[in-house]
Amino acid sequence: MVRMRRKRMHCNNKELHNRYKTKRRTKDLDQIQDDLKPENKTRLVNMPLDEDLPGLGQHYCVECAKFYIDNETLVRHRHGREHKRRLRDLKEPAYTQKDAEAAIGLSTDNGKAVSSLFGPQSLLALKQKNDATAAAETAKPQQMDVEG
């Protein structure tokens, strides 16, 4: 009798793949840029002792959002390629909601949103503006009569 080949299905198992993918998930660059602000950075560097974290949570690389077991590995990490690559990525400004809106054409023009030119609120504002200019014009001739 010939022994049957094993199935080797671990590479096509989506549930297993997603579990490892979320396990390796780190912070996004915009979250790390918030952590690099002085008030947040001092809080992260001077953390209280935590038994669940590597090195009791005392050796933390803020730029990479990783804990290390001792200071020597943290220093070795800072000289490494991954840390330098992360520093280069953090030099670029974060992609914000304002950038996303500008990419699809919802930009602002002179501080006024372009999308606010249409709609009932803009018509109401236009009517109020016209009423104000009309009231100013009617007030001018009365002032001239008083002066003249």
Quiz prompt | Restraint check, K14/K91; K98/K129; K23/K84, Cα-Cα greater than 31 Å | solution = K14/K91
Quiz prompt | Label-point gap, in nm, between R81 and R43 - each point 7 angstrom along Cα→Cβ | solution = 3.5
Quiz item: How high is the FRET efficiency from L29 to T138, r the C-beta distance, R0 41 Å, rounded to 0.05?
Solution: 0.10
Quiz item: What's the local net charge at D34, with K and R +1, D and E -1, over the other residues with C-beta under 12 Å away?
Solution: 0
Practice problem: Convert each backbone phi in region 12-23 into a coupling constant with the Karplus relation 6.51 cos²θ - 1.76 cosθ + 1.60 (shift: θ = phi - 60°), then list the ³J(HN,Hα) values in order as whole Hz, x for Gly and Pro. | Solution: 9, 7, 5, 4, 5, 4, 5, 5, 5, 5, 6, 5
Quiz item: Across region 133-139, in residue order, what do the Karplus-derived ³J(HN,Hα) couplings come to in whole Hz, using 6.51 cos²θ - 1.76 cosθ + 1.60 with θ = phi - 60° and x for Gly and Pro?
Solution: 5, 5, 5, 5, 5, 6, 6
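Quick note: the coordinates plus some simple rules give every number you see, no bench work behind them. Just so we're clear, the structure is a prediction, and the values are computed from it rather than from any experiment. Because the Cβ atoms are built from the backbone with ideal geometry, glycine has one as well, and the counts that use them run over all protein chains shown.
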